[in-house]
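Colleague: Handing you this structure, nothing more for now.
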Amino acid sequence: MKRRMRRSCPVETCAGITIREIKPGKWQTDLFRDGKRDRRVHENLEMAKRYAQLLATKIRNEGSSALDLTQEQRRDALKALAILQDKTTLASAAQFWSLHNHNEDGVTIEQLGERWLADLRRRGCRETTLRERKHKITRLTADFGNRPAASLTRQDLLDWLDRQGLTGVTADGYRRAYKTMFNFAMDEKIVEMNPVAGIKAFKTDERLPVPFTVASVQTIMDAAAKHAPIMVPTLAVQFFAGLRPGEAKGLKWEDVNWTERTIRVLPETSKMRRSRLVEMNDTLRAWLQPYRKKDGPIGITSQNQFDFYMSRKYCGEKKMGLLKAAGVEWIQDGPRKTFASMHYATHQDAAKLAAILGHTGDAGVLFRHYRGLVKPSEAANYWRLRPRTKTTIITLEATA
């Protein structure tokens, strides 16, 4: 059997790429680079040369990696570009997807919360604010703790707020806190966008403050004098001078001027970081006088101590806090709201009340909130409150 002789194929080179005639009139470009082979058949030599020149230009512009794409990948890229409709590049779209869908890399919601709290603490944020922020972070991390912060979307947060049953002013408080946290994340390059920025403020119905009744205040103060005297001055400056909880816990006897009948709230304890003088009325003096000292804290100095005495302290033989002993439900910011209500009912002066409270906003807010909240006769009874038993000062230990 005769062996067929293989035809010798004419070969040319164009732009460094081999071109060979595989059969009469059919020319093939052949490139092997970085382990990849690109072969294509052309109708004539001129078409093959043009393709070789285009391929060489592509390699120069994009590198040999441009040859790595399969036909399927090229078709997929074309589909993606059609979807994007020139609104952004394919690379930007891929980067966005990677940022919001990766699972192993990146800072988690829990880690972001820890970093944010640490930053707030470094910048001297008040302990009361830190505690409130931590509470909101804890609730969020219960559901999203291990999720990358960059993956959280606006809809995720809206759905979450809805599942928590948060509405009105409460929901808006969470919205503002998380917005601040994600602004921090953007500054730290943890995320590229703030998912909360697109959530509008929640509409809230104005709610009037709820003060304690005169009888409830007397009962609370009597229970404190009997079971935990250390609490009396701290509660007194809140009920009868309108100090905030953090201001009361930071107050020292050196800040009380008995001669001038004033209390100085220092910038380091004031929420607004501004000093102010608060006049001591006769009611406040009557409650503070039995506990008067030369220096040192006027009472408790931490939230842990407050919780210990109000909710968990042993009173007599029964395990109960002051609130249970007094039979009174606590009202959030109740002492300050009670003071403001009684002061306005007595003096009808929103501007003066704002100065005492250290309120820097529009005094009209106080006017709208506290006008007509209590009767002048009830306020008169309030200012007549006095210790009903002789007080023996006992220093009690509490958790730090």
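Values in this text are rule-based calculations from the coordinates and carry no lab data. Fair warning: this is a prediction, and the values are worked out from it, not measured in the lab. Note that each Cβ is placed from the backbone with ideal geometry, even for glycine, and that neighbours are counted across all protein chains shown.
Colleague: Spelling out what I want: for every residue of segment 246-262, take phi, set θ = phi - 60°, compute 6.51 cos²θ - 1.76 cosθ + 1.60 (Karplus), and round to whole Hz; glycine and proline get x.
Modeller: Result, ordered by residue: x, 5, 5, 6, x, 6, 10, 5, 5, 7, 9, 9, 6, 5, 8, 6, 9 Hz.
Colleague: Quick query: amide H of Arg33 versus all other amide H atoms, modeled in the peptide plane; which residues come in under 5 Å with a sequence gap of 5 or more or a different chain?
Modeller: Asp38
Colleague: Could you sort the peptides 253-260, 71-78, 240-247, 25-32 by per-residue average Cβ neighbour count (10 Å cutoff), highest mean leading?
Modeller: 240-247, 25-32, 253-260, 71-78
Colleague: Here is a further query. Report, by chain and number, residues whose modeled amide H sits under 5 Å from the one on Thr108, excluding near sequence neighbours (fewer than 5 apart, same chain).
Modeller: Those qualifying (amide H under 5 Å, at least 5 residues apart or on another chain) are Ala149.
Colleague: Given Lys26/Lys58; Lys136/Lys324; Lys226/Lys293; Lys136/Lys375, which pairs have Cα atoms separated by over 29 Å?
Modeller: Lys136/Lys375
Colleague: Can you work out the Karplus-derived ³J(HN,Hα) for every residue in segment 168-183? Use 6.51 cos²θ - 1.76 cosθ + 1.60 with θ = phi - 60°, whole Hz, and x for glycine or proline.
Modeller: x, 5, 5, 4, 5, x, 5, 4, 5, 5, 5, 4, 5, 4, 6, 5
Colleague: Shifting gears a bit: Too long at a 30 Å Cα-Cα cut-off: which of Lys79/Lys200; Lys36/Lys79; Lys200/Lys249?
Modeller: Those over the limit are Lys79/Lys200; Lys200/Lys249.
Colleague: Could you check the spin-label model distance between Glu72 and Trp383? Points 7 Å from the Cα along Cα→Cβ, value in nm.
Modeller: Simple spin-label model gives 8.6 nm for this pair.
Colleague: OK, next. Can you list residues whose amide H is under 5 Å from Thr262's amide H, if they're 5+ apart or on another chain and H is modeled 1.01 Å from N?
Modeller: Distant-sequence amide H within range of Thr262: Asn257, Met280.
Colleague: Apply the Karplus curve 6.51 cos²θ - 1.76 cosθ + 1.60, θ = phi - 60°, to the phi angles in segment 292-308 and return the couplings in whole Hz, x for Gly and Pro.
Modeller: Whole-Hz 3J(HN,Hα) from phi for segment 292-308: 4, 9, 6, 7, x, x, 6, x, 6, 10, 8, 5, 4, 5, 4, 4, 4.
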